[in-house]
Amino acid sequence: MIRYPDGWYGWVADHSKKLETVALTFETFFPDTELSILGGAKDKERLGVEESARKVRLQDLRFNYYLVLLVNDNRLESEQAARTFEKVRKELECCTPDVLFVAIGLGMNKRAVKRSASETVASYPFFADPLEEIADDFGRYPLPTVVMFKKTESGLISVFSFSDIKSDPVPLLKQINSSLSGRHGQKCTIR
(Lines give C-alpha, C1' and ligand atoms only; values in the text may rest on other atoms or scores of the structure.)
Protein backbone atom coordinates (compact mmCIF):
# COMPACT_ATOMS: atom_id res chain seq x y z
CA MET A 1 0.00 0.00 0.00
CA ILE A 2 1.32 3.45 -0.85
CA ARG A 3 0.32 6.62 0.94
CA TYR A 4 -0.17 9.62 -1.30
CA PRO A 5 -0.37 13.30 -0.30
CA ASP A 6 -3.70 14.54 1.06
CA GLY A 7 -4.43 11.19 2.74
CA TRP A 8 -5.07 9.09 -0.39
CA TYR A 9 -3.94 5.47 -0.41
CA GLY A 10 -3.28 3.15 -3.32
CA TRP A 11 -2.58 -0.54 -3.71
CA VAL A 12 0.63 -1.70 -5.30
CA ALA A 13 1.43 -5.01 -6.89
CA ASP A 14 3.97 -7.22 -5.12
CA HIS A 15 7.41 -5.76 -5.90
CA SER A 16 9.45 -8.24 -3.89
CA LYS A 17 12.32 -9.88 -5.70
CA LYS A 18 11.34 -13.00 -7.58
CA LEU A 19 14.26 -15.39 -7.31
CA GLU A 20 14.75 -17.84 -10.10
CA THR A 21 15.75 -21.05 -8.38
CA VAL A 22 18.46 -22.97 -10.14
CA ALA A 23 20.06 -26.04 -8.67
CA LEU A 24 23.62 -25.43 -7.54
CA THR A 25 26.08 -27.27 -9.74
CA PHE A 26 29.21 -28.97 -8.52
CA GLU A 27 32.46 -27.10 -8.69
CA THR A 28 30.87 -23.71 -8.40
CA PHE A 29 33.32 -21.20 -6.96
CA PHE A 30 32.51 -19.08 -3.94
CA PRO A 31 32.93 -15.41 -4.88
CA ASP A 32 36.06 -13.68 -3.66
CA THR A 33 34.39 -11.06 -1.46
CA GLU A 34 35.21 -9.42 1.85
CA LEU A 35 32.74 -9.97 4.67
CA SER A 36 32.42 -7.69 7.71
CA ILE A 37 32.97 -9.38 11.05
CA LEU A 38 29.90 -8.61 13.17
CA GLY A 39 30.34 -10.84 16.23
CA GLY A 40 33.34 -9.17 17.85
CA ALA A 41 36.18 -10.92 19.65
CA LYS A 42 34.44 -14.29 19.87
CA ASP A 43 33.98 -14.53 16.09
CA LYS A 44 37.51 -13.28 15.46
CA GLU A 45 38.83 -16.06 17.66
CA ARG A 46 36.74 -18.69 15.82
CA LEU A 47 37.88 -17.37 12.45
CA GLY A 48 41.51 -17.26 13.56
CA VAL A 49 42.08 -13.61 12.64
CA GLU A 50 43.80 -10.89 14.65
CA GLU A 51 41.90 -8.56 16.97
CA SER A 52 42.23 -5.53 14.70
CA ALA A 53 40.62 -7.25 11.69
CA ARG A 54 37.30 -5.77 10.58
CA LYS A 55 36.75 -7.75 7.39
CA VAL A 56 37.67 -11.22 6.25
CA ARG A 57 37.80 -13.21 3.03
CA LEU A 58 36.87 -16.85 3.56
CA GLN A 59 39.59 -17.98 1.13
CA ASP A 60 42.28 -16.50 3.39
CA LEU A 61 41.34 -18.51 6.49
CA ARG A 62 43.14 -21.66 7.65
CA PHE A 63 40.22 -24.09 7.23
CA ASN A 64 40.00 -26.80 4.56
CA TYR A 65 36.19 -27.06 4.47
CA TYR A 66 33.48 -24.43 4.88
CA LEU A 67 29.83 -25.10 5.69
CA VAL A 68 27.94 -21.97 4.72
CA LEU A 69 24.31 -21.42 5.70
CA LEU A 70 22.68 -19.00 3.28
CA VAL A 71 19.52 -17.36 4.63
CA ASN A 72 17.32 -14.41 3.76
CA ASP A 73 14.98 -12.17 5.73
CA ASN A 74 12.22 -14.76 5.96
CA ARG A 75 12.45 -14.94 9.75
CA LEU A 76 10.60 -18.19 10.43
CA GLU A 77 12.43 -20.33 7.89
CA SER A 78 15.78 -18.69 8.60
CA GLU A 79 15.45 -19.20 12.36
CA GLN A 80 14.49 -22.86 11.91
CA ALA A 81 17.43 -23.37 9.55
CA ALA A 82 19.83 -21.61 11.95
CA ARG A 83 18.72 -23.82 14.84
CA THR A 84 19.17 -26.96 12.75
CA PHE A 85 22.57 -25.69 11.58
CA GLU A 86 23.56 -25.15 15.22
CA LYS A 87 22.59 -28.75 16.06
CA VAL A 88 24.74 -29.97 13.17
CA ARG A 89 27.65 -27.81 14.35
CA LYS A 90 27.43 -29.18 17.89
CA GLU A 91 27.36 -32.74 16.56
CA LEU A 92 30.37 -32.31 14.27
CA GLU A 93 32.65 -29.82 15.99
CA CYS A 94 34.53 -32.46 17.97
CA CYS A 95 35.56 -34.53 14.93
CA THR A 96 36.00 -31.80 12.33
CA PRO A 97 38.47 -29.14 13.49
CA ASP A 98 39.23 -28.09 9.89
CA VAL A 99 35.58 -27.24 9.08
CA LEU A 100 34.35 -23.68 9.56
CA PHE A 101 30.63 -23.14 10.13
CA VAL A 102 29.37 -19.70 9.00
CA ALA A 103 26.06 -18.13 8.03
CA ILE A 104 25.45 -15.36 5.52
CA GLY A 105 22.28 -13.28 5.46
CA LEU A 106 21.53 -12.44 1.82
CA GLY A 107 19.68 -9.16 1.47
CA MET A 108 19.93 -8.61 5.24
CA ASN A 109 21.58 -5.57 6.79
CA LYS A 110 23.94 -5.79 9.76
CA ARG A 111 21.23 -5.02 12.31
CA ALA A 112 18.96 -7.80 10.97
CA VAL A 113 21.84 -10.28 11.02
CA LYS A 114 22.78 -9.39 14.61
CA ARG A 115 19.14 -9.75 15.69
CA SER A 116 18.83 -13.10 13.94
CA ALA A 117 22.10 -14.35 15.44
CA SER A 118 21.02 -13.36 18.96
CA GLU A 119 17.52 -14.86 18.59
CA THR A 120 18.85 -18.20 17.40
CA VAL A 121 21.81 -18.17 19.82
CA ALA A 122 24.15 -18.86 16.91
CA SER A 123 27.63 -19.79 18.07
CA TYR A 124 29.15 -19.47 14.63
CA PRO A 125 30.08 -16.33 12.66
CA PHE A 126 27.11 -14.68 10.96
CA PHE A 127 27.82 -12.27 8.09
CA ALA A 128 25.60 -9.76 6.27
CA ASP A 129 25.33 -9.34 2.51
CA PRO A 130 22.78 -6.52 2.14
CA LEU A 131 23.38 -5.99 -1.59
CA GLU A 132 23.30 -9.72 -2.36
CA GLU A 133 26.68 -9.54 -4.06
CA ILE A 134 27.31 -13.18 -3.21
CA ALA A 135 24.02 -14.23 -4.78
CA ASP A 136 24.78 -12.23 -7.92
CA ASP A 137 28.20 -13.83 -8.33
CA PHE A 138 27.30 -17.28 -7.07
CA GLY A 139 23.87 -17.90 -8.57
CA ARG A 140 20.26 -18.29 -7.44
CA TYR A 141 19.04 -21.11 -5.21
CA PRO A 142 16.20 -21.80 -2.83
CA LEU A 143 16.82 -20.30 0.60
CA PRO A 144 17.69 -21.33 3.26
CA THR A 145 20.44 -23.55 1.87
CA VAL A 146 23.63 -25.06 3.25
CA VAL A 147 26.57 -25.25 0.86
CA MET A 148 29.79 -27.09 1.63
CA PHE A 149 32.98 -25.73 0.07
CA LYS A 150 36.42 -27.26 -0.15
CA LYS A 151 39.51 -25.05 -0.23
CA THR A 152 41.71 -25.49 -3.29
CA GLU A 153 44.53 -23.48 -4.83
CA SER A 154 42.09 -21.73 -7.14
CA GLY A 155 39.53 -20.84 -4.45
CA LEU A 156 36.57 -22.36 -2.65
CA ILE A 157 34.76 -25.00 -4.72
CA SER A 158 31.31 -26.30 -3.79
CA VAL A 159 31.08 -29.93 -2.77
CA PHE A 160 27.31 -30.11 -2.26
CA SER A 161 24.28 -28.00 -1.46
CA PHE A 162 21.40 -28.98 0.81
CA SER A 163 18.09 -27.12 0.92
CA ASP A 164 15.92 -29.18 3.27
CA ILE A 165 17.44 -27.83 6.47
CA LYS A 166 14.36 -26.43 8.18
CA SER A 167 13.49 -29.41 10.33
CA ASP A 168 15.69 -32.45 10.89
CA PRO A 169 19.50 -32.30 11.06
CA VAL A 170 20.02 -36.02 10.35
CA PRO A 171 19.95 -35.89 6.50
CA LEU A 172 22.38 -32.98 6.49
CA LEU A 173 24.65 -34.80 8.94
CA LYS A 174 24.67 -37.85 6.68
CA GLN A 175 25.54 -35.72 3.65
CA ILE A 176 28.39 -33.98 5.51
CA ASN A 177 29.74 -37.24 6.92
CA SER A 178 29.80 -38.94 3.54
CA SER A 179 31.48 -35.89 1.94
CA LEU A 180 34.16 -35.69 4.64
CA SER A 181 34.82 -39.43 4.92
CA GLY A 182 34.77 -40.07 1.18
CA ARG A 183 32.39 -43.00 1.60
CA HIS A 184 28.61 -42.82 1.55
CA GLY A 185 27.00 -43.30 4.94
CA GLN A 186 30.22 -43.47 6.97
CA LYS A 187 30.49 -41.23 10.00
CA CYS A 188 33.42 -38.85 10.05
CA THR A 189 36.17 -39.45 12.58
CA ILE A 190 38.72 -37.12 14.14
CA ARG A 191 41.14 -36.06 11.44
* Could you list, in sequence order, all residues of region 26-56 that are in contact (Cβ under 8 Å) with a residue 60 or more places away in the chain and in a strand (DSSP E or B)? => Phe29, Leu35, Ser36
* Structure fact -> Selection from region 45-70 of residues farther than 17 Å from Ser158 by Cα and within 16 Å of the chain's Cα centre (by Cα) yields Arg46, Leu47, Val56
* **Within region 57-75, tally of residues that are in a strand (DSSP E or B) and farther than 20 Å from Ala112 by Cα** => 3
* What single numbered condition from (1) surrounded by 19 or more Cβ atoms within 10 Å (Cβ to Cβ); (2) at pLDDT 90 or above fails to hold for Glu50? -> (1)
* Asked: Tally time: how many residues in region 112-135 are in contact (Cβ under 8 Å) with a residue 40 or more places away in the chain, part of a helix (DSSP H, G or I) and of a type in the set (D, E, K, R)?
  -> 3
* Asked: Looking only at region 161-180, which residues are in a loop (DSSP other than H, G, I, E, B), farther than 14 Å from Lys90 by Cα and either free of Cβ contacts under 8 Å to residues at least 12 places away in the same chain or not charged (D, E, K, R) (or both)?
  -> Ser163, Asp164, Ile165, Ser167
* **Search result, residues across region 21-46 that are modelled with pLDDT under 85, among the polar types (S, T, N, Q) and either closer than 17 Å to Leu106 by Cβ or crowded, with 18+ Cβ neighbours inside 10 Å (or both)** => Thr21, Thr28, Thr33
* Asked: Counting only residues that are closer than 17 Å to Arg54 by Cβ and not charged (D, E, K, R), which one in region 105-135 is modelled with the lowest pLDDT?
  -> Pro130
* **Filtered residue count, region 81-104, keeping only those that are over 13 Å from the mean Cα position of the chain (by Cα) and at pLDDT 85 or above** => 7
* Name the residues in region 89-111 that are within 24 Å of Asp60 (Cα to Cα) and part of a helix (DSSP H, G or I), would you? -> Arg89, Leu92, Lys110
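The values are calculated or read from the model by the stated rules, or taken from the named source; none is laboratory data. Bear in mind the structure is a predicted one, so any value in this text is a computation, not a measurement. FYI the Cβ positions are ideal-geometry reconstructions off the backbone, even for glycines, and counts take in every protein chain you see.
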